[in-house]
Amino acid sequence: MAVEYDNTTRIFTLHTRNSTYQMQADSFGYLLHLYYGRRTKGLTDWALTFSDRGFACNPYDAGKDRTYSLDYLPQEFPFQGNGDFRSPMLIVRDENGTYDCDLRFKGYEIVNGKYSLSGLPASYSESDDDQTLKIFLEDERLKIRITLLYGVLYENDVITRSAILRNEGQETITIEKFQSACLDFTHGHFDLITFHGRHTLEMQFDRQEMNHVSHVIGSRRGTSSHQYNPFVILADHSATESHGRCWGMQFVYSGGFKAEAELDQYFQTRIQIGLAEEKFSYPVEPGEEFIAPEVIMSFSNEGLNHLSHNFHKCIRNNICRGYWKNKPRPVLLNSWEASYFNFTGESILSMARYAKSLNIDMFVLDDGWFINRSHDDRALGDWIPDEKKLGGTLSSLIRKINSMGLKFGLWIEPEMISENSNLYRQHSDWALSIPGKPPVRGRDQLVLDMSRKEVRDYVFDSICNIMNQGSIEYLKWDYNRSISDVFSHTADNQGKVLYDYILGLYEVLERIIERYPNVLIEGCSGGGGRFDSGMLYYTPQIWASDNTDAIDRAYIHYGISFGYPMSVSAAHVSVCPNHQTGRITPFRTRGTVSMTGAFGYELNPEKLSEDEKTEIREQIRAYKKDEYTIINGMYYRLSNPHTENLCAWEYVSEDGENVIVNALIHESHGNSPVYYVTLQGLTEGAFYIQEENGKVYPANALMDLGFPLPKQSGDYEAYTYHFRRM
Ligand code: GLA
């Protein structure tokens, strides 16, 4: 069984195929964390130690026993008020203005199958091996009940957590902080791995040794953000890609978040992740509940690549849903970098004709297609096609593109409103804005108040009106600013707005996917500003970055791959000099880097040379040949581009038979060393034939020695090789 309970010791054990997680409801009713590591039999309560430590407070029920203190014991759900002065998961305020609670174990339930969360994305399971554990904690004074939820995704080595607070009393209880998961380690020498960035340079890998400062990352932007991704890894200081222990925590939520890691006075480590605390103060009225979003956790005893595989499988199989889950995606041409706002119906049709001749599957009309949208400072909210600019109705444009044998896709930014729009002139109070304070603008636009039902209905109806105009098979759902001015004109409490906004967004997305189940929705927020598994529950792919430069993208993809399967990350070949960096890279390199995930082009094909057009046809042919392995195979990082002049990555098909190796050498140098690529994940003892040259290699040598890359003839050269098991 995935979940076990030992009645004598009150120890709960969660088993996945390769990991075990253990906790104990102790004699005082406090829930102590015991173990999260490789799969083990037996109980681990012997790991707890008790001693009288200076300035360690003791619970009243411990009487004169000064050796029991939650200030150093490892906990499962640390809350403010129990004598633990480390950072808690939960802080609540009662009507007297006090902040302390006292939650004790009151019971449990083991349920077959994986729990779901009302109104929030959560991993799901179709496997009979997967189970849910519910643990109930209660505070008798405050009359609050906490249900801790644990989901066990057995085969994927994933344990999920969430928690629900229910107010069973007569007073309002206000939640000031509510984290979704925490891991306490009694000892260890760890590094913290996080992913920071900015617009057009997301997901930059960072690894720091844990020391005695509080390591805090997060987002106060109302979105998961470009600046930090809601994904953290704690790794043994000695852990590498293929060796050592590491633990990952990923927040399944698209709004603000906070992740904290703390090395305490006794060299114990606590790491936790959950909702951002700023601008959050959520009153829960008597009889009401509040749900903390889900966290996906995984443990690997075999290094970081293995940890990533657990997350990749979980997101592909247990987060992404619907028609496009695990399906090859159309190769598309997007109009944005090709023409920005400067197009006509004729120029679009001409681009589409070229696209078809290059074997592209879909044409995507990006921003600029609706009335008055000649610039990014206007018209958001007025989702009416500009027939003058398009040279006719949107329906007729779609028909013409379809009749060329191309699918059609469209860009939209539904959660936004421009001050220069009819919508704003009619409903200025639909924008988040504080009465009496001029709002802070972002890209000259304001954010619609998605916590309001009438706003959500408007957004839903606007999208349906557009979708019903023709065969629109793809929607790029954009979001181009951070949230400021958190004030909803109808909310009874402004501390609720940011959370309710995200629930509102999820509600509209759910309604859209129910209404249009076969439409491929690509998430986007100026690229990767909302690249999280909450969005992936609704949109099975996300535009990874507004940066299409192959070299910057290689770093971005490297970062993404730690927590997300590359198949959910969209990447396009664009022209050089690159519009974001000014860099010139070989066309082939741009193709190699973009073929990492959901593949496409973002350029005007009419302006290409014949050689480039031939190259595009060849890239599409190569992509279609490999796409099954790209979408379903195992992805391995083979180098660290931040410390090496080489960025190499590999896909191994599920059956281990086909291997695709990509390598990108950044700078070319005089009399340069030879670069070797060392493979991973091959079948030990087998032989592999390289398709390009027919050479046969022993798998073990490919994994230990690697194979040499050719001498470069310039900067930024990329290579792709295919190996087949014999
Ligand atoms: C954002 C997106 C881009 C493009 C523009 C259009 O920046 O990330 O890809 O769609 O908006 O305004």
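Laboratory data are not the source of any read-out in this text; all were calculated from the coordinates shown. The model shown is predicted, which means the values in this text are computed figures rather than measured ones. Glycine also receives a Cβ, built like all others from the backbone with ideal geometry; neighbour counts cover every protein chain displayed.
Placing +1 on each Lys and Arg Cβ and -1 on each Asp and Glu Cβ, with no other charges, gives region 116-268 a dipole about its Cα centre of roughly 640 debye. Remark: for residue pairs 143/279; 177/325; 114/177; 327/476, the C-alpha separation exceeds 28 Å in 177/325. Give the angle, between 0 and 90 degrees and rounded to the nearest 10, that separates the Cα long axis of helix 453-467 from the longest principal axis of the Cα atoms of the chain. Roughly 30 degrees, rounded to the nearest 10.
Picking from 60, 31, 43, whose Cα lies most toward the positive end of the charge dipole for region 30-77 (charges on Cβ: Lys, Arg +1; Asp, Glu -1)? Comparing the listed Cα positions along the dipole, 43 ranks first. Separation of region 167-199 from region 323-354 is 42 Å, based on Cα centroids.
Compared with the rule-of-thumb size 2.2 N^0.38 Å for a compact globular protein, region 154-198 has a Cα radius of gyration ratio of 1.83. Among beta bridges from DSSP that stay inside region 435-586, the antiparallel ones total about 20%. The Kirkwood radius of the chain, taken over pairs of alpha-carbon atoms, gives through the Stokes-Einstein law at 25 °C and 0.890 mPa s a diffusion coefficient of 91 µm² s⁻¹.
The spacing between region 597-657 and region 463-500, judged by their C-alpha centroids, is 33 Å. Ranked by the mean number of other Cβ atoms within 10 Å per residue, highest first, peptides 553-561, 412-420, 210-218 order as 553-561, 412-420, 210-218. Against the main long axis of the alpha-carbon atoms of the chain, helix 610-632 sits at an angle near 30°. For residue 444 and residue 266, the difference between the fully extended length at 0.36 nm per residue and the C-alpha to C-alpha distance is 59.1 nm.
The packing ranking, built from the mean of other Cβ atoms within 10 Å per residue, places the peptides 517-524, 229-236 in the order 229-236, 517-524, highest first. About the centre of its Cα atoms, the chain shows a dipole size close to 1260 debye [charges on the beta carbon of Lys, Arg (+1) and Asp, Glu (-1) only; nearest 20 debye]. Placing unit charges on the Cβ atoms of the charged side chains and taking the dipole of the chain about its Cα centre, the candidate lying farthest along the positive direction among 543, 414, 592 is 592. Diffusion of region 351-503 by Stokes-Einstein, at 25 °C in a medium of 0.890 mPa s and with Rh set to the Kirkwood radius over alpha-carbon pairs, works out to 147 µm²/s. Placing +1 on the Cβ of every Lys and Arg and -1 on the Cβ of every Asp and Glu, with no other charges, gives region 64-158 a dipole of roughly 460 debye about its Cα centre. Its residues counted as N, region 322-432 yields a C-alpha radius of gyration over 2.2 N^0.38 Å of 1.18. Think of the chain as a dipole: +1 on every Lys or Arg Cβ, -1 on every Asp or Glu Cβ, centred on the Cα centre; then among 173, 503, 284, 503 lies furthest on the positive end.
Here region 52-168 was treated as a single set of alpha-carbon atoms; its pair distances binned every 10 Å from 0 give 12, 35, 32, 17, 5, 0 percent.
Working value for region 435-551: equivalent-ellipsoid semi-axes of 25, 20, 13 Å, each the square root of 5 times a Cα gyration tensor eigenvalue, largest first. For the pair residue 325 and residue 342 in one chain, pulling the backbone fully straight at 0.36 nm per residue adds 2.7 nm over the alpha carbon distance. For region 334-390, the equivalent ellipsoid derived from the Cα gyration tensor has semi-axes of 22, 11, 9 Å, listed largest first. Shown here are the Rg and Dmax of the Cα trace of region 547-658, at 14.1, 42 Å. The calculated Kirkwood hydrodynamic radius for region 118-246 is 18.0 Å, given to one decimal from all distinct C-alpha pairs. Counting every C-alpha pair in region 369-424, the share spaced more than 20 angstrom apart comes to 31%. Based on alpha-carbon atoms, the Kirkwood radius and the radius of gyration of region 1-81 give Rg/Rh equal to 1.01. Counting only DSSP beta bridges whose two residues both lie in the chain, roughly 85 percent are antiparallel. Please identify every one of the chymotrypsin sites (Phe, Trp or Tyr not before Pro) in region 125-174 that sits in a loop by DSSP and has no more than 14 other beta carbons within 10 Å of its own beta carbon. When the chymotrypsin sites (Phe, Trp or Tyr not before Pro) of region 125-174 are filtered for loop state and at most 14 Cβ neighbours within 10 Å, nothing remains.
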